[in-house]
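Worksheet for the structure shown next.
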Amino acid sequence: MKSDEQLVASFRDHGRREALEELTERHLGRVRAMIYPMVLDHASADELTQEVFLRAIRGLAAFQGRSQFSTWLYRVAMNTVHSFLARQCRSPVTFYSDVPEGVQPPAKVPDCVAMQAELESAVETALRELPPKLRAAIVLTTLEKIEVGEAARIEGYSRATMYWRIHEARKRLRRPGLWMLTAVPG
């Protein structure tokens with residue numbers, strides 16, 4: 001299997017579309033999973049995911065390989081999300097209470113389904129209350145399980161700033177039932 005960097009070179013140097021398709025397939029799910037908790041709306045997450053890949057394809061010539069391709073792509077994703085959220089801050093956010101894709105309750109028992117829906121609603125509400133920069137710190141390190149140093153590179157911050165943002169976000173999130181968002185990242 002070719003590395004991301006080999007696929008990038010294959011597309012850039014030889015115009016091989018199959019390399020671009022493989023890169024897209026390889027990272028599409030993770031980019032989408034990173035975007036959804038930031039915007040908390042499936043339609044917006046889908047549109048932003050498409051926009052991220054369009055921006056990445058257009059900007060592939062600018063990728064110099066100083067970081068991993070995935071770090072560069074996730075930074076494109078987070079910049080796209082931050083731009084979207086900045087545009088949206090003037091208009092009210094609509095709450096969508098549907099369950100995120102791929103999330104299944106532990107069992108089909110009505111109590112479990114109700115508890116899962118309540119927990120997901122609490123997490124969405126808590127994330128919605130965080131400013132975008134603090135939300136990004138939690139999404140990247142806790143939900144996406146990206147190492148703090150890598151998350152800092154994605155966001156373009158120092159490691160210390162990322163740790164502060166994680167700490168600040170956790171402080172604001174401390175409430176019953178949300179312990180999973182306040183666990184220390186690895």
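The values are calculated or read from the model by the stated rules, or taken from the named source; none is laboratory data. Keep in mind that this is a model prediction, so the values were computed, not measured. All Cβ positions, glycine included, derive from the backbone under ideal geometry; neighbour counts span all protein chains shown.
Determine whether the stretch 80-90 contains at least one residue that is at pLDDT below 60 and surrounded by fewer than 13 Cβ atoms within 10 Å (Cβ to Cβ). Yes: the stretch 80-90 contains one or more residues that are at pLDDT below 60 and surrounded by fewer than 13 Cβ atoms within 10 Å (Cβ to Cβ).
Within the stretch 9-35, being out of contact with any Phe, Trp or Tyr (no Cβ under 6 Å at 6 or more places or on another chain), touching a residue at least 12 places away in the same chain (Cβ under 8 Å) and over 27 Å from Arg135 (Cβ atoms) holds for Phe11, Arg12, Glu22.
When the stretch 1-43 is limited to residues that are in contact with an Asp or Glu (Cβ under 8 Å, 6 or more places away or on another chain) and aliphatic (A, V, I, L, M), the one that is farthest from Val139 (Cα to Cα) turns out to be Leu7. Residues that are farther than 22 Å from Val39 by Cβ, outside the structural domain of Gln88 (by TED's automatic domain parsing) and either surrounded by fewer than 18 Cβ atoms within 10 Å (Cβ to Cβ) or modelled with pLDDT of 90 or more (or both) do not occur anywhere in the stretch 123-145. Of the residues making up the stretch 12-40, those that are farther than 16 Å from Trp72 by Cβ, under 14 Å from the mean Cα position of the chain (by Cα) and surrounded by fewer than 19 Cβ atoms within 10 Å (Cβ to Cβ) are Gly29, Ala33. For the criterion of being of a type outside the set (S, T, N, Q) and closer than 22 Å to Ile138 by Cβ, Leu73 passes.
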